[in-house]
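Quick notes on the structure that follows.
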Amino acid sequence: MKNLSFGGRLKLIRSARGMTQLEFVALINARSSERLSQSTLSKLESGRQAATFDDAMLFARFDPLNRGRAWLAWGADGEDED
């Protein structure tokens with residue numbers, strides 16, 4: 001799993017939850033003030049849309065393995081510092 005892009009790591013988060021893109025979007029929309037579409041998620045996962053640090057902050061909250069924002073944004077190991 002070395003050298004995964006943001007999109008690859010995002011897909012790992014979704015897959016770890018056992019969810020389709022539509023299910024994951026519904027979860028995020030239900031539990032946050034963000035309004036995400038399946039199209040946007042698809043673009044982020046495929047790298048067709050650049051991710052922001054705000055994206056990393058949002059999606060990291062839904063990682064069942066709690067790998068943190070730094071892991072999602074840059075692939076860094078270790079826990080985030082608040």
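Quick note: the coordinates plus some simple rules give every number you see, no bench work behind them. It should be emphasised that the depicted structure is a prediction, and the values quoted were computed from it without experimental measurement. Positions of Cβ are generated from backbone atoms using ideal geometry, with glycine treated the same way; all protein chains shown enter the neighbour counts.
Quick rundown of the values:
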item	result
Sorted by Cβ neighbour density within 10 Å, fewest at the top, the residues ILE13, ILE28	ILE28, ILE13
Computed [θ] at 222 nm, helices only, for the chain once each DSSP H run of length n ≥ 4 contributes -39500 (n - 2.57)	-15500 deg cm²/dmol
Percentage relative contact order, the chain, counting C-alpha pairs under 8 Å, at least six apart	34
Cα long-axis angle, helix 6-16 against the chain (0 to 90 degrees, to the nearest 10)	70
Net +/- balance of residues flanking ARG17 in space, Cβ distance below 14 Å, scoring K and R +1, D and E -1	+3
Whole-number D in µm² s⁻¹ for segment 10-82, Kirkwood Cα-pair radius fed into Stokes-Einstein, 4 °C, 1.567 mPa s	104
Residue-by-residue Karplus 3J(HN,Hα) for segment 63-71, coefficients 6.51, -1.76, 1.60, Hz, glycine and proline x	7, x, 9, 6, 7, x, 5, 4, 4
